[in-house]
Amino acid sequence: MTAGMESRATGRRALRIVLADDDPVYLLGLATILEDEGHEITARAEEAYGLRTAVAGTLPDLAVIDIRMPPTQTLEGLRAAVEIRGAHPGVGILLLSKDMELTHLRQLLEAGSAAATGGIGYQLKSRVTGADFVTEVVDEVGAGRYAIDGEIQRALYRTPRRRDRLAALTDQQLKVLELMARGLSNSALAAKLSISKRTVEDHVNTVFDKLDLRPEAKEMYDRRVRAVLMYLASDD
Amino acid sequence: MGRTPRWMSWPAPATPLVGPGMPVANGPRMPVPSPQLNAFALAAAGTAFGIWVLVVTAPDRYADSTSTLFSGAVGGLYLGAGLLARLRRPGNVVGALMLLVGIGWFAEDLQISTDPRVHTVGLFLRSASTGFLIPLLLVFPYGRLRSREDHGPVAALADRILLATGCTVAFVLQPVAVFFHDSVTDNLLLVHYVPWLRQLTDAIQLVVSAAVVAVLLWRWAGASRPYRRELGPLLAVGLVGGLASGLDAALGADREWSHTPLLTATHLSVLCLPLAFLAGVWRIRLGRTAVAELLRRLPLDSRRELRDELARTLDDASLQLGFPAPDGDGYVDVDGRALTAGPGQWTSVLERDGRRVGVLVHDPALREDRYVLEAVVSAAALELDNQALVAELRASRRRVIEAGDEQRREVERNLHDGAQQRFINLGLQLRIARRRLDRAASGAELAGLLDGALAMLEQGHAELRVAARGIHPVVLSEAGLAQALRSLTADLPLPVDLHVDKLPQLPEPVELTAYYVVKEAISNVLKHADARTVRVELHHSDGVLNLSVTDDGVGGADPASGGTGLLGLRHRVSAYDGRLTVRSRPGEGTVVAVTLPTRERATTKEGGLV
């Protein structure tokens, strides 16, 4: 991973970031916010080809990518992200979209190899205006972790079969599941829910048992988030 | 007569059929003037004559024989069946010939008389029934000899030669021979006895009979199913009768002239011949039941099914169903290939309300039962018309749904890429301002950020308004089309020249359609045309709303795709019986023109277009 310099203002690691979006006003606003937080924008792209060139040219820590981009205004951004993941696994990918589509997320997850160290983020576009966008999303993905939009909780109840399974979980276990899906680590979970790390671990175990998730996956952060996300993105 | 026939038949050329210019050869035959009356008169005369003959000859028949009864039965059957046939098919000569065979049959019996005068007359007429039977067999069942056009020169010539020879032998040769041979009763007109003459004339008759049988077999071999069905009984009887009479003639003069097995066989087959014809009539009645069956099975799902049902009903596997070709030239079959009639096939036109909805290419035999064919043709026309209507209805329903979907997509795009993005940007701007405030940025910088935010808010609002109008323009139902167009065109970045004549109160769907056309056309102008001015014109006259959107831009829009929005509108316009045209030559700007009927199509009282 590219070594970043410590930002003096925040004490956090400054990231080198490539931005890609076809709306120049948005691009400018986003860049301003990120630069205000001490990050460096190495390149801006308004379409997918420029994005790939920029990533290959500047090898950033993170690429923030709008899923819909010219020329087709369909999934140009997603396709570029999948390619970048294959070509430069160390580059974190933060996908921004106006809606949450789990199949898109799954494509990105499946594109990553085992050696991938770059984080993965998938956020609704409107999220960028939140006060904690940079600290909770950009910094996390830049640090190789996952940051999935809270919208993911809707996927919990997507199929009747899943609703049946989830009925076996307590409210707090459900909350743990959702936060796992959003990419929170055990300590972040504990802080967020104001419970002990030990309780968090219990909940995680129960959730994995009840949902028939592979138990070996729960021990490692990366595997755990992937397991939960793939579970949510699956069609059963 | 009087009424024009709704259907026509003619032999189809072997080349692909052509449309309206198709030659109508061999149209419906003109019926002989009051053939029914003639038939009754002939049958009555024949009956009277028959009774007289039976009475005259009764004393001379063997006392214990059934000869009188038999003669009367055969002759009577011919007269009865002939009358029936004549009444059922006035245009067909078969019935008349059967009547004549019946009369000829009685005439032959005159030679039974022992009165030399009657007997001599009888001798002259000894082949009268055969003389009529040969033409009858040759023209059955259509009442015509085979034609050169349909069956080729050989068949046509063979029929004519046989007819001429048969009649000549029966009505010339045999009577002439009377002068040269004697008989059991005195031949009053015997001039000179020539011993071999009678054998000669009988031999000639044998050859002619054999030839007739051969021709019938020949026809049978080459016949289609419907024809075979009609010919079958006749052929069987003709075969037996022809062989028997031929053998009878061949065996010659040495035998008694009555009660030989051969003569009985001949007579039996002659007796069966009218019955065979009646059997034909019976079969046609079966055909009518089949028509009723066909009607009961309607409506069908596809043209192919209709073809199959028709083929089954008419018992004609070669039957083809043709439809006006999509390019308007000729006809195509159920698979969409150019329709080609087989050799000898005939064509009937399927019409509905004066429109040609298709053609039926079929075996000529079917034409003989006019009623069945007419019923089938009507049913097929009805069904085809029905299928076409249903297909059109489905297509238009689909188009309307597609147009609706397209519009929803459009609204979604507008909301997504427009208003939503604007508000995200606004949020970003405010977020930046907030951050700057934390860092005690200058008042001027903050003011700049907030001004930017306000501008974005305004833009987002405007775009929301546009999107909402795309869902439904409220102003349209509140203030009418003219006002709605005014407000639509008021705040555009391009000057729009709006000319709206005084419009009457229009049905809402018409107003909506007009509104959307103008909106879509203008939005296309803004997106693609690079125009300086747009002119929108609306005027209403004679129940038609005329609308045009003209720009002075680059032109060259593809009218077919021409923006998917326009395509959806084209369907919408056509759903209301209107027409949308796009004229867009490169460099000459674009004109989108629409005509929309504003009145209810029919004169239905209730229920407007709404």
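The conditions of being among the hydroxyl-bearing types (Ser, Thr, Tyr), modelled with pLDDT of 85 or more and more than 17 Å from B:Glu406 (Cβ to Cβ) are not met by B:Thr489. Within the bounds of the range B:461-479, is there any residue that is among the charged types (D, E, K, R), within 22 Å of B:Val592 (Cα to Cα) and in contact with a strand residue (DSSP E or B) (Cβ under 8 Å, 6 or more places away or on another chain)? Looking through the range B:461-479, none of the residues is among the charged types (D, E, K, R), within 22 Å of B:Val592 (Cα to Cα) and in contact with a strand residue (DSSP E or B) (Cβ under 8 Å, 6 or more places away or on another chain). Within the range B:169-182, one or more residues are over 18 Å from B:Thr266 (Cβ atoms), at pLDDT below 80, of a type outside the set (Val, Ile, Thr) and open to solvent by 10 Å² or more (accessible area, probe 1.4 Å). Exactly one residue out of A:Leu156, A:Leu95, A:Leu105, A:Leu109 is more than 14 Å from chain B (Cβ to nearest Cβ) and closer than 15 Å to A:Asp21 by Cα, and it is A:Leu95.
Between A:Val200, A:Val137, A:Val176, the distinction of being among the β-branched types (Val, Ile, Thr) and within 14 Å of another protein chain (Cβ to nearest Cβ) belongs to A:Val137 only. Elements of the type strands (runs of 3 or more DSSP E) sitting completely within the range B:304-390 and holding at least 3 residues that are within 27 Å of B:Arg219 (Cα to Cα): these cover B:346-352, B:355-362.
Exactly one residue among B:Leu449, B:Leu464 is over 21 Å from A:Asp22 (Cβ atoms) and surrounded by 13 or more Cβ atoms within 10 Å (Cβ to Cβ), and that residue is B:Leu449. Of the residues making up the range B:397-410, at least one is within 14 Å of another protein chain (Cβ to nearest Cβ), open to solvent by 20 Å² or more (accessible area, probe 1.4 Å) and not acidic (Asp, Glu). When B:Leu492 is tested against the conditions (1) outside any loop (DSSP other than H, G, I, E, B); (2) under 23 Å from B:Ala468 (Cβ atoms); (3) open to solvent by 20 Å² or more (accessible area, probe 1.4 Å), the lone failure is (1). If you check B:Val517 against the conditions, is it surrounded by 22 or more Cβ atoms within 10 Å (Cβ to Cβ), under 16 Å from B:Asp497 (Cβ atoms), in contact (Cβ under 8 Å) with a residue 12 or more places away in the chain and assigned by TED's automatic domain parsing to the domain that holds B:Pro493? Spelling it out, it is not the case that B:Val517 is surrounded by 22 or more Cβ atoms within 10 Å (Cβ to Cβ), under 16 Å from B:Asp497 (Cβ atoms), in contact (Cβ under 8 Å) with a residue 12 or more places away in the chain and assigned by TED's automatic domain parsing to the domain that holds B:Pro493.
Of a type outside the set (Gly, Ala, Ser) and either within 60 Å of the chain's Cα centre (by Cα) or closer than 29 Å to B:Ala514 by Cα (or both) - does that describe any residue in the range B:422-439? No, every residue in the range B:422-439 fails to be of a type outside the set (Gly, Ala, Ser) and either within 60 Å of the chain's Cα centre (by Cα) or closer than 29 Å to B:Ala514 by Cα (or both). Please tell me if A:Ile195 is at pLDDT 90 or above and assigned by TED's automatic domain parsing to the domain that holds A:Met69. Against the criterion (at pLDDT 90 or above and assigned by TED's automatic domain parsing to the domain that holds A:Met69), A:Ile195 does not qualify. From the list A:Arg162, A:Arg224, A:Arg198, the one residue that fits, being assigned to a helix (DSSP H, G or I) and under 30 Å from A:Leu59 (Cβ atoms), is A:Arg224. Taking helices (runs of 4 or more DSSP H) as the structural unit, those lying wholly within the range B:57-159 and holding at least 1 residues that are open to solvent by less than 10 Å² (accessible area, probe 1.4 Å) and over 20 Å from B:Asn38 (Cβ atoms) correspond to B:67-88, B:116-124, B:128-139.
Checking B:Ala440, B:Ala484, B:Ala453 one by one, the residue that is within 14 Å of chain A (Cβ to nearest Cβ) and either among the basic types (Lys, Arg) or touching a residue at least 24 places away in the same chain (Cβ under 8 Å) (or both) is B:Ala453 and no other. Considering B:Arg439, B:Arg486, the condition of being touching a strand residue (DSSP E or B) at 6+ places or on another chain (Cβ under 8 Å) and open to solvent by 40 Å² or more (accessible area, probe 1.4 Å) is satisfied by B:Arg486 alone. Among the residues making up the range A:184-213, a single one is under 24 Å from A:Glu101 (Cα atoms) and open to solvent by 40 Å² or more (accessible area, probe 1.4 Å): A:Asp212. Being closer than 20 Å to A:Leu96 by Cβ, open to solvent by 20 Å² or more (accessible area, probe 1.4 Å) and either assigned by TED's automatic domain parsing to the domain that holds A:Thr103 or in a helix (DSSP H, G or I) (or both) is the requirement here; does A:Glu216 meet it? Taking the combined requirement at face value, the residue does not satisfy it.
Among the residues of the range A:204-221, at least one is of a type in the set (S, T, N, Q) and at pLDDT 85 or above.
Taking the conditions (1) open to solvent by less than 50 Å² (accessible area, probe 1.4 Å); (2) in contact with an Asp or Glu (Cβ under 7 Å, 6 or more places away or on another chain); (3) of a type outside the set (S, T, N, Q) in turn, B:Leu506 satisfies each one other than (2). Of the residues making up the range B:368-385, those that are under 13 Å from the mean Cα position of the chain (by Cα) and either on the phi > 0 side of the Ramachandran plot or open to solvent by 30 Å² or more (accessible area, probe 1.4 Å) (or both) are B:Ala375, B:Ser378, B:Leu382. For the range B:200-223, filtering for residues that are part of a loop (DSSP other than H, G, I, E, B) and open to solvent by less than 30 Å² (accessible area, probe 1.4 Å) leaves 1.
When the range A:45-76 is filtered for residues that are in contact (Cβ under 8 Å) with a residue 40 or more places away in the chain, in contact with a Lys or Arg (Cβ under 9 Å, 6 or more places away or on another chain), more than 14 Å from chain B (Cβ to nearest Cβ) and buried (at least 24 other Cβ atoms within 10 Å of the Cβ), the ones remaining, listed by number, are A:Pro60, A:Asp61, A:Leu62. Take the conditions (1) within 14 Å of another protein chain (Cβ to nearest Cβ); (2) modelled with pLDDT under 90; (3) more than 28 Å from B:Gln459 (Cα to Cα); A:Met1 misses just one of them, which is (1).
If you go through the range B:148-171 and keep only what is under 17 Å from B:Leu231 (Cβ atoms) and not acidic (Asp, Glu), you end up with B:His151, B:Ala155, B:Ala158, B:Leu162. A:Glu136 satisfies every condition listed in (1) free of Cβ contacts under 8 Å to residues at least 12 places away in the same chain; (2) in a strand (DSSP E or B) except (2).
The values are calculated or read from the model by the stated rules, or taken from the named source; none is laboratory data. It should be emphasised that the depicted structure is a prediction, and the values quoted were computed from it without experimental measurement. Cβ coordinates were reconstructed from backbone atoms using ideal geometry, including for glycine residues, and neighbour counts include every protein chain displayed. For accessibility, only protein heavy atoms count, side chains too; no ligands or nucleic acids. Shrake-Rupley method; radii C 1.70, N 1.55, O 1.52, S 1.80 Å.
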